[in-house]
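In what follows, a single structure is set out as structure tokens and then discussed.
The values are calculated or read from the model by the stated rules, or taken from the named source; none is laboratory data. Computed from a predicted structure; not experimentally measured. Here the Cβ positions follow ideal geometry from the backbone for every residue, glycine too, while neighbour counts run over all protein chains shown. Keep in mind that these areas ignore ligands, DNA and RNA; they rest on the heavy atoms of the full protein, side chains included. Shrake-Rupley method; radii C 1.70, N 1.55, O 1.52, S 1.80 Å.
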Amino acid sequence: MLDRLPFLVGLRYVRAKRRNHFISFISLTSMLGLMLGVAVLILVLSVMNGFDHELRTRILGMVPHTKIEATDGLKDWEGLAERLTGRERVVGAAPYVEQQGMFSAGGRNQGGMVTGIKPGWEGKVSIIDEHMERGSLDDLQPGTWKVVLGSALARNLGVGVGDRVTLLVPEASITPAGVFPRLKRFTVSGIFSVGAELDARLAYANIADMQTLARMGDTVGGLRLELDDLFAASSETQAIVNELGAGYRGRDWTFTQGNLFQAIQMEKRMIGLLLTVIIAVAAFNIVSTLVMVVTDKRADIAILRTIGATPRSIMGIFIVQGMAIGVIGIAIGVAAGVLLALTVSDLIGWVEGAFGIHFLDAGVYFISELPSQLRGSDVLNIVAAAFGLTFLSTLYPAWRAARVQPADVLRYE
């Protein structure tokens, strides 16, 4: 019977209606604080996961996971592409020719990167087909000198489909009349939008046209590779370069976009840490609750000690009581947080429709809906942290209760 004492008495104290309503109020406050802290933390981390997923999908869907280049360019690129796609992690390969330049139209100038592509191959390494607002990549036929612009780039130049733009490349042409900058007029055949900064600096043209402009002949700049795991890009790139030998080099996405995603992960960790403070505050409210309960129950503790209860059992009673308060708050918080994380996009959409407001303007942000991605690992970490903080909060009051001396209490009863 004494072995079950901490659970029986601890749970009874939770259910009992106290004479001291202030203690009941503090208990309820602690429970609500835990509930809100857990729910908000699950919701915020889920929304940050959603933004991270959208950025990763949109930006790294356009930026190659890795590039393989040769010192003098690639000639037998088709054979190399077939060889590399035979590797376990490589799921797609496509040739490219990149050219940095300055676009000019109607007196407006805008720098950008033009990538020469083979339209039939580009879908293996890019999601651009899914984000074409106007036109199609199939319009980029050899010799037509057509170009597909990012939406922000086209807007800055003030051009649309069918308009002409001039590309000025940072190379000079030497003629009998002197040295002239190399330039070429293109016709805009399409506009794409992925809702990121890439829209302001990327353009696509046919690879044959870019080879002609760069005077590369049949040589391409390199191969763009799509991997099954983008986080394995660094190791896979190094393995490919080692296998190909001297004269080859590789660059993966971490060279150009790594800082962005590291910043997102750092922000997620910092916000998670700050919001954990909410849970800590609520959990440590349990300290004040249990201290007042210990003071209120000194006579009960003394009687239990006289009938054989050990200090350890007395500690267990108040640990059980504090953990019961925490479990209820955490359970309700998890249920509320999961529900909100799964429905926040619909809820925000309803609020926007009902009140005519827009939280995410598509013209400013790269998405128009609030994304959310619930991860079980985040929920488990939050629950573990909340349980740990709650348990720590019960130790001091339980220790005080175990130190109550029956003779000192019963002397005045």
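Structural remarks
- Couplings 3J(HN,Hα) of the range 341-352, computed from phi: 5, 7, 10, 4, 4, 5, 5, 5, x, 5, 4, 4 Hz, in residue order, whole Hz [Karplus 6.51 cos²θ - 1.76 cosθ + 1.60, θ = phi - 60°; x for Gly and Pro].
- PHE51, PHE391, PHE318, reordered so the largest accessible area comes first (probe 1.4 Å): PHE391, PHE51, PHE318
- Only protein heavy atoms count here; under a 1.4 Å probe, SER372 has an accessible surface of about 40 Å².
- Solvent-accessible ranking of VAL147, VAL44, largest area first, probe 1.4 Å: VAL44, VAL147
- Ranking by accessible area, most exposed first, for HIS131, HIS65 with a 1.4 Å probe: HIS131, HIS65
- When only the Cβ of Lys, Arg, Asp and Glu is charged (+1, +1, -1, -1), the dipole of the range 246-324 relative to its Cα centre reaches about 180 debye.
- Charge dipole of the range 193-342 about the Cα centre (unit charges at C-beta), most positive-ward option of GLY316, LEU273, ALA302: ALA302
- Theoretical FRET efficiency, 1/(1+(r/R0)^6), r = Cβ-Cβ of LYS124 and THR187, R0 25 Å, to 0.05: 0.45
- Per residue accessible area of the range 32-191, 1.4 Å probe, in Å²: 45 Å²
- Per-residue Karplus couplings for the range 217-225, computed as 6.51 cos²θ - 1.76 cosθ + 1.60 with θ equal to phi - 60°, are listed in order as x, 8, 7, 10, x, x, 10, 9, 10 Hz, Gly and Pro entered as x.
- FRET efficiency for the pair SER288 and ASP76, taken as 1/(1 + (r/R0)^6) with r the Cβ-Cβ distance and R0 = 51 Å, rounds to 0.10.
- Exceeding the 21 Å Cα-Cα cut-off - candidates LYS67/LYS146; LYS118/LYS146; LYS75/LYS146; LYS75/LYS184: LYS67/LYS146; LYS75/LYS146; LYS75/LYS184
- Peptide packing: for 276-289, 67-80, the average count of neighbouring Cβ atoms within 10 Å per residue gives the ranking 276-289, 67-80, highest mean first.
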